[in-house]
Structure formats: C-alpha cells, structure tokens
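Undergrad: I have a structure I would like to understand better, so I am pasting it below and will then ask my questions one at a time.
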Amino acid sequence: MDNASDRCLLFAQHRSDSTFEDIPVIDFSDVDTTDSLKRRALVDQIRDACINVGFFYIKNHKIPEDVITAAVEIGKTFFALPEASKMDLDIRKTPNFKEYTALLGEKTDPNGKGKGDLHEGFDLGWEEIDPNGVQKDTSRDDGAMSGSNVWPELPGFREIVLAYYHATIQLGRSLFPLFAFALDLPENFFDDKTTKPAAIMRLLHYPSQEPAECDMDGQPIGIGAHTDYECFTILWQDEIGGLQVKNNKGNWVDAVPIPATVVVNLGDQFARWTNDVFKSTLHRVINKSGKERYSIPLFFGTNYDVMLEPIPSCVSEDFPPKYEVVTAGEYVKSRLEATYSHSSVAPTF
Ligand SMILES: O=C(O)CCC(=O)C(=O)O
Ligand SMILES: [Fe+2]
C-alpha cells in the first residue's frame with residue numbers, strides 16, 4: 001500500500017456489511033510478545049473491532065484483581081456517605097470538572113427528554129503517586145479537567161483510587177502502539193501526542209430504576225445515549241449489567257458483564273483523527289436490575305494541545321475530511337460544558 005487512497009480502500013475492505021450483534025472479546029495474553037505473527041494477529045482483531053464495532057472486551061488485561069476490588073469497595077464507601085458531605089465536593093465548586101456529581105447533575109445526552117442522568121459520580125484527573133503519600137501539585141493549565149484533584153476525607157481513598165488509575169493507565173499506554181499498527185502508522189505515532197495525556201477517571205454509581213421509569217419519555221436514564229469524547233475509554237463494570245451499544249441497524253446490543261474483563265470503546269478523538277475509520281459508537285446505561293450498579297470508566301485522551309486533524313492514511317479524494325480541525329482540549333471542554341449545561345446551578349468555568 002503506497003498511497004492514501006489505497007489505504008482508505010484497505011480500511012473500507014475491513015468494514016463488514018453486516019451489523020454487529022455481539023461485542024468481540026480480545027485476549028491480551030500476548031500483548032508483550034516479540035513474535036511478530038502473534039502481534040499481527042492481535043492487531044488484526046483490534047482493527048476489525050475498531051472499524052466495525054467501536055467496542056471490544058479485553059481479557060487478561062493485567063490490572064490486578066485486588067487493585068480493582070479495593071477501588072470498587074472504597075468507591076461504594078464514598079457513595080454511601082451522607083449527601084451533604086458529598087456535596088461539599090460538588091463539581092460546580094471547582095473550575096475543571098473534578099470531584100462529585102450528584103444524581104441528575106449531568107445530562108449526557110443533551111437532547112434527551114429526561115431531567116438528567118440517574119447516576120452519581122466522582123471525577124479525577126492525572127496525578128502521580130507519591131510513595132510518601134504527600135500530594136504533589138499536579139495542576140496544569142492546558143485544558144479542561146487539568147487542575148489538581150480534590151479528595152474526600154476518607155482514609156486510603158486517594159491511594160486506592162490512584163493505584164487503580166495508574167494500573168489502568170498502563171493498559172491504556174499499551175493500546176496506543178496497537179491502534180497505530182492497526183492504522184498502518186509507525187507504532188510510536190502517538191508517543192509525542194500523549195506525553196501529558198488527558199486521562200479522566202470516574203467512579204460511577206447507578207441506583208436501580210423501576211422498569212416503568214425506563215420508557216425514555218421524559219424519565220431519567222442511567223446515562224443517556226452518547227459517544228465518549230476522548231481517544232478511547234477503558235471501562236470496568238460490575239456484574240449487574242445495563243450498558244448498551246447501538247449497532248448499525250439502530251438496535252441496542254447489551255454489553256453483558258464478562259468476569260475478569262474490561263470493556264474498551266473508542267471515542268470521538270479517534271473518530272476525528274481517523275475520519276471515522278475507527279468508530280465512536282453510541283452507548284447508554286439503563287439499570288433495571290433491582291440492584292445498585294457500579295462502574296469505573298477511564299477516558300484516555302491525548303495532550304490537550306494536539307490538533308485533531310485526520311491522519312493521511314484515512315483521507316483521500318474518495319474519503320474527504322469530515323470534521324473541522326480543533327484541538328483535543330477544546331473538543332473535550334465543549335462536550336463537557338454541554339453535558340452540565342442543563343443544570344440550574346451553572347458551574348464556574
Ligand atoms: O457505566 C458504564 O457502563 C458506562 C459509562 C459511560 O458510558 C461513560 O461514563 O461515558
Ligand atoms: Fe460513555
């Protein structure tokens with residue numbers, strides 16, 4: 001393949017005509033292999049999932065189970081605190097979309113008919129782990145979500161949550177060379193674009209909804225239909241279920257919980273960068289299980305100042321650029337502002 005048009009054709013050939021009914025499960029046991037055939041086999045599965053589904057599960061992801069369990073449990077402890085103490089950390093009191101969002105505080109589908117999303121969340125951004133437990137000033141001034149984290153006064157919370165955060169960041173970093181390979185780019189293509197990655201993590205809690213509340217007609221929904229804003233999301237979900245992904249036919253496909261996996265889905269930064277060769281797929285959550293649901297998405301974006309311009313292998317005369325070029329930070333910030341804009345109390349951006 002020696003010109004962009006041929007490569008676009010190649011990507012188009014990978015696009016299957018049929019719509020997906022299941023989300024593929026990809027085994028990452030061989031992610032560090034030096035065997036080029038095995039690596040290519042892994043990349044082929046990833047390319048196929050990125051072009052046709054926009055979602056895949058990873059099994060053998062190497063995030064230690066005890067690190068996950070500890071983060072989930074301390075998250076449950078946080079959400080069980082009295083509402084007043086959680087509201088001390090209200091996201092509207094900080095300039096960079098950090099800390100606590102109450103039930104109905106967000107409306108992830110700004111066009112949705114409901115009052116907002118039926119979940120509460122705790123948001124944090126990039127922060128180094130200090131072995132002495134001393135909080136470093138990690139504030140950055142290069143875009144939305146870049147300021148320092150603020151932590152609840154819950155013993156162990158910061159260390160436990162950051163341990164999960166950094167284990168998941170490590171998995172995220174191992175994905176970029178694979179995505180680059182899948183796009184016929186040098187494997188280090190994303191290295192200089194992810195030196196200060198926008199890596200936003202959320203602890204989420206979804207109360208159960210009555211089935212009658214799920215008719216989408218003016219009623220709240222766990223999280224409204226949306227695409228994610230960054231390059232990709234790594235999502236841990238518990239065994240309750242409720243995440244749904246929209247396929248090409250317009251049907252909602254359940255992303256059923258599979259033990260010992262994480263879900264990866266592509267976001268809008270990749271869709272813009274690849275001129276929609278990689279899909280940023282609509283998804284939503286409805287928890288009608290009768291039980292509480294917990295999940296932890298980590299949104300892995302590029303440095304905020306990176307221009308989201310289509311990579312050459314994804315544009316040609318037949319596939320002209322679809323999106324206006326903006327920086328990654330401007331894009332994420334505009335989407336976050338839309339998500340919170342329905343609230344009666346405006347955040348202090
Ligand atoms: O909780 C989930 O399963 C999905 C959350 C999600 O889509 C998001 O936070 O963007
Ligand atoms: Fe999402």
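Undergrad: Within region 320-349, how many residues turn out to be crowded, with 20+ Cβ neighbours inside 10 Å and at pLDDT 85 or above?
TA: The qualifying residues number 4.
Undergrad: Moving on. Does region 250-267 include one or more residues that are within 13 Å of the chain's Cα centre (by Cα), modelled with pLDDT of 95 or more and over 29 Å from Thr77 (Cβ atoms)?
TA: Yes; the residues of region 250-267 include at least one that is within 13 Å of the chain's Cα centre (by Cα), modelled with pLDDT of 95 or more and over 29 Å from Thr77 (Cβ atoms).
Undergrad: Still on this model: Give me a count of the residues in region 229-250 that are assigned to a loop (DSSP other than H, G, I, E, B) and either within 20 Å of Pro197 (Cα to Cα) or within 15 Å of ligand 2 (Cβ to nearest atom) (or both).
TA: 4
Undergrad: Let me ask something additional. Here is a list: Leu154, Leu118, Leu124. Which entry is at pLDDT 70 or above, in contact with a Leu (Cβ under 9 Å, 6 or more places away or on another chain) and surrounded by fewer than 20 Cβ atoms within 10 Å (Cβ to Cβ)?
TA: Leu154
The values are calculated or read from the model by the stated rules, or taken from the named source; none is laboratory data. Predicted, not measured: the structure shown is a model, and the values here were computed from it. Heads up, the Cβs are rebuilt from the backbone with ideal geometry, glycines too, and the neighbour counts pull from every protein chain shown.
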